[in-house]
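The values are calculated or read from the model by the stated rules, or taken from the named source; none is laboratory data. The model shown is predicted, which means the values in this text are computed figures rather than measured ones. A quick note on method: Cβ atoms are made from the backbone with ideal geometry, for glycine too, and the neighbour counts reach across all protein chains shown. With ligands, DNA and RNA removed, areas are computed over all heavy atoms of the protein, side chains included. Shrake-Rupley method; radii C 1.70, N 1.55, O 1.52, S 1.80 Å.
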Amino acid sequence: MNRQYPRLVLRDSSFRSNARETISRCAACGIQVCGVIKGVNGLPEVARRFRECGVTQLGTSRLEQVERCRQAGIPGPYLLIRIPGPTELPELVRLCEMSLQSERKTLDLLEQECARQEKPHAVIIMADLGDLREGFWDQDELVQTALEVEREMPHLELAGVGTNLGCYGTVQATPEKMNQLVAAAERVEAAIGRKLDIISGGASSIHMVLDGTMPPRINHLRVGEGILFGRIWGCDMDFMHKHIFTLRAEVIESKVKPSYPVGELSVDAFGRTRTYVDRGRRRRALLAMGRVDYGECEDLIPREPGVKILGASSDHTIVDVQNTAHPVRVGDILEFDLCYATMVYLTSSRSVSVTFKTERG
């Protein structure tokens, strides 16, 4: 089916510029970049552009995205950035060269699976530095596990140590946290008797590359959002393009109606109670997309002045267009900027078409 709207448009040269700027600035600090494609549902077109711009690996949290990219002919290496479950290990070994790990039991099973498939696999052992998601909390246990991988698991390569910050516990990446990671890595190095190839700081620490506060031994970052949006929380990179993605939606109704529902109120389509403000009769437009496409309507950012998000159901978005400079009519296209969450939903929806715009000039 050749669906035109809703449509997600990616500005090709702006994306490439952001990727190259990030990779160049990291390289100047001795840091390699893993291009994370999970935020765009592993779109092969985005993965291909990441590789062309020079990322060291492609990273994602879903093995089906790796499968999709490999089927599209996009070479690895691929890094699984979500700790795998035991049932996923056969596909992990088949599809990825490297993964993040935080459980001894899983590592034992991974070694067995690598032996069965006669394939090597590199691992980054994760340290939990306070964000309380994945990783070893006990540093002694981390060191002991790393030593056992090094000495007792011949099919596994101990590539390095890493951490994640900010994604769950909202703990900020700081030089102090990165120095804790370096200290953990150096304890591992002392135990195994060699230098690790990778000390991976994650994406939320990229601001330290820009302000010169990154500890020198951090040599690997997993970056997606910063390149896709030209910013991450608390780090607005002024040299990066900000409007790489545009969501375009078609107007399917435009009418003047009351602004307060008429009748006894209950809950919406998702079982939530809602509040409304009576602003009298106003022109509102319906758009042919809904929460199943993008998640929360409050995360949409209208490009056109005067457009205000009122709410959404599964398949409709309602916007106030009373104060737009030009009348909004059926068939018009409204544009929106996005945040990370809306991007994840949009690129996962089969009802949203994705196109790549070649910019000139």
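Computed from the C-beta positions of residue 94 and residue 148, the FRET efficiency with R₀ = 35 Å rounds to 0.90.
The spacing between segment 141-197 and segment 318-332, judged by their C-alpha centroids, is 54 Å.
Using a 1.4 Å probe on the protein heavy atoms, what percent of the accessible area of segment 15-136 belongs to carbon and sulfur? It would help to have the intermediate numbers written out before the result.
Numbers: 2230 of 4660 Å².
The C+S portion of the solvent-accessible surface of segment 15-136 is 48 percent.
Sequentially through segment 275-281, phi angles give Karplus couplings (6.51, -1.76, 1.60; θ = phi - 60°) of 10, 9, 10, 7, 10, x, 7 Hz, Gly and Pro residues having no value and appearing as x. With only Cα atoms counted, segment 38-104 has Rg and Dmax values of 11.4, 36 Å.
State the Cα centre-to-centre distance between segment 1-55 and segment 226-267 in whole Å. Comparing the Cα centres of segment 1-55 and segment 226-267, I get a distance of 22 Å.
Could you work out the longest stretch of the chain that avoids the GluC sites (Glu not before Pro) located in DSSP loops with at most 16 other Cβ atoms within 10 Å? Mind dumping the intermediate values first?
Working: sites that count: 118, 264, 296, 359.
Within the chain, the longest run free of exposed GluC sites (Glu not before Pro) spans 119-263.
Each residue of segment 259-266 was assigned a 3J(HN,Hα) from its phi angle through the Karplus expression (A = 6.51, B = -1.76, C = 1.60, θ = phi - 60°), giving 8, 10, x, 10, x, 6, 8, 10 Hz with x at Gly and Pro. Taking a straight Cα-Cα cut-off under 28 Å and skipping sequence neighbours fewer than 8 places away in the same chain, the lysines within cross-link reach of residue 308 are 242, 255, 257, 357. For the chain, the pair-distance distribution built from all alpha carbon pairs, in bins 20 Å wide starting at 0, is 27, 49, 22, 2 percent. Run the numbers for residue 119 and residue 20: contour at 0.36 nm per residue of separation, minus the present Cα-Cα distance, in nm. Length difference between fully extended and current span is 32.4 nm.
Mind grabbing the base-10 log of I(q)/I(0) for segment 273-359 at q = 0.12, 0.21 Å⁻¹? Debye formula, identical points on the C-alpha positions, no solvent, two decimal places. So the normalised log intensities are -0.39, -1.12. Of the chymotrypsin sites (Phe, Trp or Tyr not before Pro) in segment 89-181, the ones in a loop by DSSP (not H, G, I, E or B) with at most 15 other beta carbons within 10 Å are 137, 168. Over all other residues within a Cβ to Cβ distance under 12 Å of residue 36, the charged ones net out to +3, with Lys and Arg as +1 and Asp and Glu as -1. Excluding same-chain neighbours fewer than eight residues apart, the lysines reachable from residue 119 by a Cα-Cα span under 20 Å are 105. For residue 87 and residue 211, the difference between the fully extended length at 0.36 nm per residue and the C-alpha to C-alpha distance is 40.4 nm. What a 1.4 Å probe finds exposed on segment 314-361 is 47% carbon and sulfur by accessible area, rounded to a whole percent.
Ratio of Rg to Rh for segment 70-165: 0.97 [Cα atoms; Kirkwood radius as inverse mean 1/r over pairs]. Full extension of the chain segment joining residue 296 with residue 273 gains 6.8 nm, where the gain is 0.36 nm per residue of separation less the Cα-Cα distance.
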